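First comes the structure, then the notes that go with it.
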Amino acid sequence: MQSEEVLELIGSAPERYDSVRAALRYRGDGTTKKEIRERIVRRAFQISPREAYKPIRHLEPDGPFGWRCRAWHADQYHWRMETEVPGGGVEITASKGRRRLPIGGPPGSGLVWNRRVGAGSREDDPRWFMLATDHYWTFYPLLTDEICGISYALRPLDLTVEGTVMWAGREAVRLRGVPGEEWDWGWDPDPLSWGADEYEAVVDAERGVLLRCASRLGGEDFDALEVEEIHFDEQFPEDTFASREPLPWP
């Protein structure tokens, strides 16, 4: 398979399944991400360390950080996330259907809802945890171009298909991309990370979803979202998107 074929496979992922249930894990290196951001901001605005009298605000801690999340997705209006909260407990965010006009109704009648179970106050959360509960960051590897256009984000890189692997019990293709000679900080790699010297995508060979998406520097991941378990085309129980308690994981 050629790199262009892998990009086309990624772009078609949302058309290749009716439903998906997945367990995901994010891992980041806060120290590396901070150093890269400082360098980029000062380069972009031509600011020397001596002239930088205001510190750059960072969400990440010093050192490693990360989270785990379970996700269910049936369509645009029926999805669910259960994210492990630092210190214990679960934050549930879900959509249980399409709102019909007129907008309104009693408190709690909204179709997109959020609840914590066994967790402390959000005021006690580390600042980076707001990313963990963001629908975008959880579902971009599963909905690919439907959310973020990741095949377009990868296309400017010099891409190499590095063969097939097994990941989360699925046959997959490993795609590696490195910045070429025409690399320019003007390219926004989101949802990948700035400043990597190589990027890696592990793509489900049948469905096109990303089983792993990583930004690397010096051969080490500093930003990686990985699928740990994934299941397609299941018939979800009727209360999947409305249940106020954490769901069992078959």
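The values are calculated or read from the model by the stated rules, or taken from the named source; none is laboratory data. Model, not experiment: these values are computed from the prediction. All Cβ positions, glycine included, derive from the backbone under ideal geometry; neighbour counts span all protein chains shown.
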Within segment 44-63, considering residues that are under 16 Å from Ser193 (Cβ atoms) and at pLDDT below 65, the one surrounded by the fewest Cβ atoms within 10 Å (Cβ to Cβ): Ala44
Selection count where residues are out of contact with any strand residue (DSSP E or B) (no Cβ under 8 Å at 6 or more places or on another chain) and of a type in the set (Lys, Arg), scope segment 145-176: 1
Of all residues making up segment 155-173, the number that are outside any strand (DSSP E or B) and at pLDDT 95 or above: 2
The listed residue being under 24 Å from Ile36 (Cα atoms), among the small types (Gly, Ala, Ser) and part of a strand (DSSP E or B), out of Ser215, Ser193: Ser215
Residue that is surrounded by the most Cβ atoms within 10 Å (Cβ to Cβ), among those in segment 143-185 that are under 27 Å from Arg80 (Cα atoms) and hydroxyl-bearing (Ser, Thr, Tyr): Thr144
Cross-chain or 6+ apart pairs with Cβ under 9 Å, segment 118-142 first and closer than 9 Å to Val85 by Cβ and at pLDDT 90 or above, then in a helix (DSSP H, G or I) and of a type in the set (Lys, Arg): Phe129/Arg122
